[in-house]
Amino acid sequence: HHLAFQAASRAEVDSLHAALKRIGATIVSPPREYPEYTPPGYYAVFFKDPEGIKYEIVCHERSGASRGT
């Protein structure tokens with residue numbers, strides 16, 4: 001039902017979200033953590049292309065993981 005791409009970090013998800021907004025992509029759901037998904041730390045942005053195909057950019061980094069907490 002959609003295509004997902006793995007990002008290396010939350011910062012990369014956020015950066016790609018900003019780039020998607022700049023090019024006018026349709027953001028379905030801005031970056032956030034999805035505690036209902038596994039594994040813990042599931043952080044993603046969902047968007048659609050001009051033809052309406054849904055995509056996801058996701059990382060599995062817990063909040064604070066990059067800060068050593």
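The values are calculated or read from the model by the stated rules, or taken from the named source; none is laboratory data. All values derive from a computational prediction rather than experimental measurement. Glycine gets a Cβ as well: all are built from the backbone with ideal geometry, and neighbour counts include every protein chain shown. Calculation scope for accessible area: heavy atoms of the full protein, side chains included, ligands and nucleic acids excluded. Shrake-Rupley method; radii C 1.70, N 1.55, O 1.52, S 1.80 Å.
Cβ-Cβ contacts under 8 Å between residues 6 or more apart (or on different chains), taken from a first residue in segment 41-56 that is open to solvent by 10 Å² or more (accessible area, probe 1.4 Å) to a second residue that is part of a loop (DSSP other than H, G, I, E, B) and among the polar types (S, T, N, Q), are listed as 43/63.
Taking residue 4 as the residue in question, decide whether it is under 14 Å from residue 57 (Cβ atoms), touching a residue at least 40 places away in the same chain (Cβ under 8 Å), of a type in the set (Gly, Ala, Ser) and part of a strand (DSSP E or B). It is true that residue 4 is under 14 Å from residue 57 (Cβ atoms), touching a residue at least 40 places away in the same chain (Cβ under 8 Å), of a type in the set (Gly, Ala, Ser) and part of a strand (DSSP E or B). Among the conditions (1) open to solvent by 70 Å² or more (accessible area, probe 1.4 Å); (2) in contact (Cβ under 8 Å) with a residue 24 or more places away in the chain, residue 32 misses just one, which is (2).
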